[in-house]
Structures are given as C-alpha cells and as structure tokens.
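Below: the structure, in structure tokens.
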Amino acid sequence: MSAIYKRELRAYFSSPMGYIIVAAIMAVLDFSYFLLLFFYGRQMEIGFMLAYLNIPCLILIPIMTMRLLSEERNKKTDQLILTSPVSLLQIVLGKYFAACTVFLAGIVLSFVFPVIFFLFGKPSLAMIIGNYLGYILLWCAMISIGLFVSSITENQMISAVMTCIILLVLYLLEMLVPSINIPILQPVLKSLLLFSRFNDFSQGLLNVTTIVYYLSFIAVFLFATVRVLDKRRYS
C-alpha cells in the first residue's frame, strides 16, 4: 500500500494539481478569516471559518479525485496495477490516503488560525478540536465518493462532473429532507445527510455515533470501489 500511496502523492506534487488544491483551501480559509475578523467580529469561531470551505469542496474534491482511477483506465495502465501482487484493498487505500493527505495538507496549514485565536483571546479548545475533527471526517467522506466515481469511468471530466453532482445533491438534501413527509423515504434520506451530522462537533462534543457513521460511510464507498476493480479484473 505504501508504494501506491507514495506514487499517488508524487503524482499530485509533480504537477500543479497538489499545489493548486492546497493553495485554494488556504485562500478560502484566509477569506473566511478575513470575514470573521473585519465584518463579524467573531475571531474565535473556528467552525464559522471552516464552514466556508464546504461549498468550494463541492468543486475541489471532484477535481482532486477525478484522475485517481479513471486516468489509469484511460491510459490502459489499470491492468498492470490490477495484476500486480498488491491487493485491491491496498490499491484503493493507497490512492484514498494520498488524496486525503493532499487535502489535509491545506487544513494543517490552517492550524495557524487557532494559534492566533489563543494569542488574542480565550477560545474553547474542545470546540476547535471538535470542529476540525467533524469537518475532516466530512471531507474524507466526500473524497471516498470521488474515488468511487473515478473507478466507474475512464473519462476524468465525466468523473469530476458526476462527483460534483452527487455531492451537490447530498448538500441540497440537507434543506429538502425536512420538507419531505413520506415516512418510507425519511429514514433512507436521513441516512444520507452528511453535512448536518457534525453539529455536535461544532459545540465541542465528540459524538461517537457520528464518528462511527462517517467511518462506516467511508468504508462502504471504499468497499464499493474494491468491488468495481475486482469485477474489472475478471472481466
């Protein structure tokens, strides 16, 4: 798995892609911090700052994940990987962790903001940790969706568009579900609500149930990706 991970990480930073993603994340967070400081006067609310990254993620994550598996298929190099001694799970995990590492590189750089908050005030450490943990789990779940979509198409642009549409639908469900009064659909739709599940985290509460939900959501999409590759290996 480490070989796949290093290969993918090298691919991100041997091209402008990795640097663009990190720069875009920092640009959004810098802008949101500017709004907090100069317009809202709420310098200590890290959750408000991180929330501004959700909508850009609907575009950034599809762009970041579109090439992970679709590029291999398009260049006909996927068979070399699928027939290698590395297991399919290791291949998927290597690519997934590489994408998460690139994305989280931008998030790690944003740790400078909590330091600034502590220099000029007394923010709640629990709220800072909770917000970061909640949003990181959310974004990693979104990356798992992008990886899965990349596995079912050989065209990078189609992969990016499909991922963007899926994430947008999940985002809009947050507003639509409360107005849907169909008892049969309610439990199913509520199980797909990604964005509202970190409310406890924003209050500094580490909800084990929500953590398990996000990890299970990620596991389901990674497993689905493995199954897609397994089917292709024997087709």
Report task. Specify which of the listed residues (189, 176, 170, 133) is touching a Leu at 6+ places or on another chain (Cβ under 9 Å), within 23 Å of residue 70 (Cβ to Cβ), part of a helix (DSSP H, G or I) and at pLDDT below 90. Result -> 170
Query raised in the report: In this structure, is residue 12 open to solvent by less than 50 Å² (accessible area, probe 1.4 Å), at pLDDT 75 or above, assigned to a helix (DSSP H, G or I) and among the aromatic types (Phe, Trp, Tyr)?
Result: yes
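Results for (1) small (Gly, Ala, Ser); (2) more than 19 Å from the chain's Cα centre (by Cα); (3) modelled with pLDDT under 75; (4) not in a helix (DSSP H, G or I), shown as yes or no for each residue.
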| position | (1), (2), (3), (4) |
| --- | --- |
| 193 | no, no, no, yes |
| 224 | yes, no, no, no |
| 229 | no, yes, no, no |
| 232 | no, yes, yes, no |
**Report entry** Qualifying positions in the stretch 50-85 - at pLDDT 75 or above and in a loop (DSSP other than H, G, I, E, B)
**Finding:** 52, 53, 66, 67, 68, 69
Report summary line: Exactly one of 94, 106, 47 is assigned to a helix (DSSP H, G or I), open to solvent by less than 40 Å² (accessible area, probe 1.4 Å) and modelled with pLDDT under 85, and that residue is 47
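The values are calculated or read from the model by the stated rules, or taken from the named source; none is laboratory data. Because the structure is a prediction, the values reported are computed rather than measured. Quick reminder, even Gly has a Cβ in these numbers, built from the backbone with ideal geometry, and neighbours come from all protein chains shown. We work out accessible area using only protein heavy atoms, side chains counted, and drop any ligands, DNA or RNA first. Shrake-Rupley method; radii C 1.70, N 1.55, O 1.52, S 1.80 Å.
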